[in-house]
Amino acid sequence: MSAAITAAPALLPAQVSLSTVVDLAQRNSTNVRIAEADLQKATAALAQAHDAYIPNFAIGSTIGYSHGFPTGQPSVGNAAMQSLVLSYSQRQYIKAAHAGIDAANLSLKDAREQVALDASNTYIELDTVNNELEAMHQQEAFANRLVTIEKERAEAGVDPLNDLLQAQLTAAQLKLKRLHLETRAGVLASQLASLTGLPTGSITPDRASIPEIPTISAEDSPRSLPGIDSASVLARSKQIQAKGDDLLWRRPQIGFGATYNYDSDALNNYSKFYKDGSFTPNNISFGLQINVPFFDFALRAKARQSAAEALRAKVEAEQAQRQNDVQISELTGSLRELDTLAEIASLKQQIASEQLHSVLAQLELGGGSASGPGAQPQPSPKMEQLARIDERQKFQESLDAGLELSKARLGLLRALGHMQDWLNELHGK
């Protein structure tokens, strides 16, 4: 019982800043953790390539019995050491491993930026939907008031029944839209919970924590994207790896080895075969092993395979760059349209607001019915509710247009490689 009471406050909604949400999303992201694991793997691969020049050391025992002349080297104890001394291929493998680490670092940065973009879009959209829901509740109240007015006017025979039905239809449509917004808010809350690892519904967006998204275009010093840079560096790493595999069957290789054995005469009667008494239990050997490839089709085939993989990686990097260029072009074109649509929606909202103020002012001043040709009808409570509903509708449309514009701007920031600028501004907020 006490545990449930203790956990209950964690489920209550609380305002969480966008920077906190982005940080939590980056820590919780599986893609980021996979990229971190790839970086650890690349670091280990570099250490493995370097360690080939460091002598290894192993001890063991091969105790056994043989009849006749001892076969092999059965020994009470043995120790062995070996290392690489000279390899033209290994130098290429070390270079390839360094490039692999660079590619992994860039891939990690790209994953973190993508998570930041997803979290920012979801957070901003949830904040927008919450604002729309607030306006929707107001709009529903106005619609219900309109239904009451129309019912009274229909009963009094002032308005036809069709006006009442139209008001009821408007109220039902607004209810449906509210349900749609509530469903969307629930989905966004679940997405934020999945991104951050926090309980669903525990995050309330803080509008003040959202910095203004800078206006940017394709002409504003585009930078390379970490994901594309990672693909290019990875392609270079595979090319270096392929060169190392090619040198493996073209160049000699030198290694160092040393072995110590402690042999027991009691096990295999070594002294029986050393009549001059030269048998000694302590035996050591060391020297260089030189391998000169002369006829090895397997190594040549492996070199061709590595070259093909390097070519594929290079083509994939070029393809990613072309796709990003196309995305920049598409976002630039749609951004101009969305900017204009947002301006139009804002102007419509301002016009609706002014019309509402005019209706409210005329209702407050009162006055007789309008007369004369072309005269405007005297405002009524029915016209007031219609003006209020229209103003709230235009307000929501303005919020929708602003949301789409914000998403397009963030997408273009990401495609142009300026996402880090947004993150710096976000954390400085």
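Of note:
- Hey, A342 closer than 21 Å to A218 by Cα, modelled with pLDDT of 90 or more and buried (at least 16 other Cβ atoms within 10 Å of the Cβ) or not: yes
- Odd one out for G201 among (1) in a helix (DSSP H, G or I); (2) within 26 Å of the chain's Cα centre (by Cα); (3) more than 30 Å from H418 (Cβ to Cβ); (4) not basic (K, R): (1)
- Count - residues of the stretch 28-47 that are of a type outside the set (S, T, Y) and free of Cβ contacts under 8 Å to residues at least 40 places away in the same chain: 5
- A Cβ distance below 7 Å, combined with a sequence gap of six or more or placement on separate chains, defines the contacts here; from the stretch 202-216, residues that are within 15 Å of H427 (Cα to Cα) reach residues that are of a type in the set (G, A, S) in the pairs D206/S17; S209/S17; S209/S19; I213/S406.
- Near pairs, Cβ below 6 angstrom, 6+ apart or cross-chain, from the stretch 179-194 (within 14 Å of Y123 (Cβ to Cβ)) to any residue that is surrounded by fewer than 18 Cβ atoms within 10 Å (Cβ to Cβ): A189/T200; A189/G201; S190/T200; A193/T200
- Reported count of residues in the stretch 285-310, each being of a type in the set (D, E) and assigned to a helix (DSSP H, G or I), is 1.
- The number of residues in the stretch 219-239 being part of a helix (DSSP H, G or I) and under 17 Å from the mean Cα position of the chain (by Cα) comes to 6.
- Residue in the stretch 128-142 that is among the aliphatic types (A, V, I, L, M) and touching a strand residue (DSSP E or B) at 6+ places or on another chain (Cβ under 8 Å) present: no
- Enumeration of residues in the stretch 396-417 that are within 21 Å of the chain's Cα centre (by Cα), charged (D, E, K, R) and under 21 Å from S346 (Cβ atoms): E404, K407, R409
- Residue in the stretch 161-168 that is assigned to a helix (DSSP H, G or I), within 29 Å of the chain's Cα centre (by Cα) and not small (G, A, S) present: no
- Residue count for the stretch 126-165, restricted to those that are touching a residue at least 12 places away in the same chain (Cβ under 8 Å) and of a type outside the set (D, E): 21
- Counted residues, the stretch 127-169 - those being in contact with an Asp or Glu (Cβ under 9 Å, 6 or more places away or on another chain) and of a type in the set (S, T, Y): 1
- When the residues of the stretch 144-160 are filtered to those that are charged (D, E, K, R) and assigned to a helix (DSSP H, G or I), the one that is farthest from A387 (Cα to Cα) is E155.
Yes/no per residue for (1) charged (D, E, K, R); (2) surrounded by 13 or more Cβ atoms within 10 Å (Cβ to Cβ); (3) out of contact with any strand residue (DSSP E or B) (no Cβ under 8 Å at 6 or more places or on another chain); (4) modelled with pLDDT of 90 or more:
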| site | (1), (2), (3), (4) |
| --- | --- |
| L11 | no, no, yes, no |
| L18 | no, yes, no, yes |
| V32 | no, yes, yes, yes |
| Q48 | no, no, yes, yes |
| N56 | no, no, no, no |
| S61 | no, no, no, no |
| S66 | no, no, yes, no |
| Q90 | no, yes, no, yes |
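- Of residues in the stretch 187-241 being crowded, with 17+ Cβ neighbours inside 10 Å and of a type in the set (K, R), the one nearest to L299 (Cα to Cα): K238
- Close Cβ contacts (under 7 Å, 6 or more residues apart or on different chains) running from residues in the stretch 303-325 that are more than 25 Å from A218 (Cα to Cα) to residues that are among the charged types (D, E, K, R) comprise A303/D245; A303/D246; S306/D245; E309/K238; A310/K238; A313/K238.
The values are calculated or read from the model by the stated rules, or taken from the named source; none is laboratory data. Predicted model, so just to flag it, every value in this text is computed and none were measured. For neighbour counting, all protein chains shown are included, and Cβ atoms are generated from backbone atoms with ideal geometry for every residue, glycine included.
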